[in-house]
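A.B. asks: Would you mind keeping the following structure in view while I ask a few things?
The values are calculated or read from the model by the stated rules, or taken from the named source; none is laboratory data. No experiment lies behind these values; they were computed from the predicted model shown. FYI the Cβ positions are ideal-geometry reconstructions off the backbone, even for glycines, and counts take in every protein chain you see. The protein model used for the area step is the full one, side chains on, heavy atoms only, and it has no ligands, DNA or RNA in it. Shrake-Rupley method; radii C 1.70, N 1.55, O 1.52, S 1.80 Å.
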Amino acid sequence: MTVKELFKGIGEIDDDLIMEAMEAETKATTEKSSKNNWNKYIPLAACFVLIFAGGMYLTMPPQTDPQYENHDPIMDQPVPEHDIGQQLSFTGKIENIDNGIAVVLLHEGYDIGSPGDQVNVSLPKDIEFSVGDLVRVYYTGDVMESYPGEINVLRVEKIEQID
Amino acid sequence: MNDQAIIDLYFKRDESAITKTSDKYGAYLWKIAMNILRVKQDSEECVNDTYLSAWNKIPPTRPKNFLPYLGRMTRNISMDKLDYNTASKRDRKKQTPLDELQDCVVSKQAMPEEEVSSKELGECISQFLREFDKEKRVIFIRRYWYSDSIKTIATMLNISESKTKMTLSRMRKKLQEYLVKEGYRI
């Protein structure tokens, strides 16, 4: 027997066996087609989820973590409550006065962003100040990084005691 | 249109029978030819020859199962074409199902004193195949009747290629033993 004879012999196998093998192909094709039908909806479903999530995000009210309320956004330093408003202020004690310029030692707990704890404050002429006076200083917020620090003073008040 | 209606058109010598056959089974026949020949132009030629052969044989033949009937013709025509191509020393480097079947037979030339009847051999192989479960039968028939690739069969049946190869190898060995037992000289 030759290979060709065997091949032709196989060609003569019963019809039902051939159809059985044909059905296996049909079944596989149907399953694949069915799977593909679902697959084509996957990108659509993904888009829907993205749109839904985006919509939810946009309609939600902005939420701020209370931990970061009243914080300086740049320095990330806690801002004292009295600094909130149109102008900033701090309290301190006059350490020295020279030619209308006082060196004020910042009260503990104040940090105006200068390198040290002393600031030069230009005193108003209508009030008499002495070394050792307690003062509240209102300033614009600009601080030069010198020592003692330099600020643009808006107003200076004598106070009886430190808050 | 069902198969018997198409066959009736052949009996009426209505040429639309060819078109109807092509519409329904053209792709299936082309695939069989292509699996054997692996050349598009030759495969198309074999499928057209199948239609011509069906036109010449029906009537008087009235096939019970049109699909296997046409497939068998395409297979045989493609086989002859492959023989012709091989004889013309055309290159055939790829391993075909036919090469694998060489495992089952020893002789390359037909024995002068005997001529194997394809019909009887087909019946014998059918008996052999019925001894296996459906999956193994389908693997064997898809490979050696439809000439599907190993990969195609593995994908179709959702099994690994190595399992497909192993199944085929074992079945070829068993077929050889079976044919010897049935008195075939291989």
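A.B. asks: Where the centroid of each part is defined by its Cα atoms, how far is segment A:125-154 from segment B:123-169 in Å?
C.D. replies: 97
A.B. asks: Dividing the alpha-carbon radius of gyration of chain B by 2.2 N^0.38 Å (N being the number of residues), what value is obtained?
C.D. replies: Expressed relative to 2.2 N^0.38 Å, the Cα Rg reads 1.11.
A.B. asks: Then there is this: Can you give the accessible area buried between chains B and A, summed over both chains, with a 1.4 Å probe, in Å² to the nearest 100?
C.D. replies: Values: alone 11780 and 13000 Å², together 21230 Å².
Result for this pair: about 3500 Å² buried.
A.B. asks: How many partner chain Cβ atoms sit within 10 Å of a residue's Cβ in peptide B:142-148, on average, as a whole number? Please report the intermediate quantities before stating the final value.
C.D. replies: Working: counts 4, 2, 6, 9, 4, 1, 2.
Partner-chain Cβ atoms within 10 Å, mean over residues of B:142-148: 4.
A.B. asks: With 29 Å as the limit, write out which pairs from B:LYS20/B:LYS136; A:LYS4/B:LYS151; B:LYS81/B:LYS181; B:LYS40/B:LYS174 have Cα-Cα distances beyond it, or answer none. Could you put the intermediate results ahead of the total?
C.D. replies: Details: B:LYS20/B:LYS136 33 Å; A:LYS4/B:LYS151 24 Å; B:LYS81/B:LYS181 32 Å; B:LYS40/B:LYS174 34 Å.
Cα-Cα > 29 Å for B:LYS20/B:LYS136; B:LYS81/B:LYS181; B:LYS40/B:LYS174; rest within.
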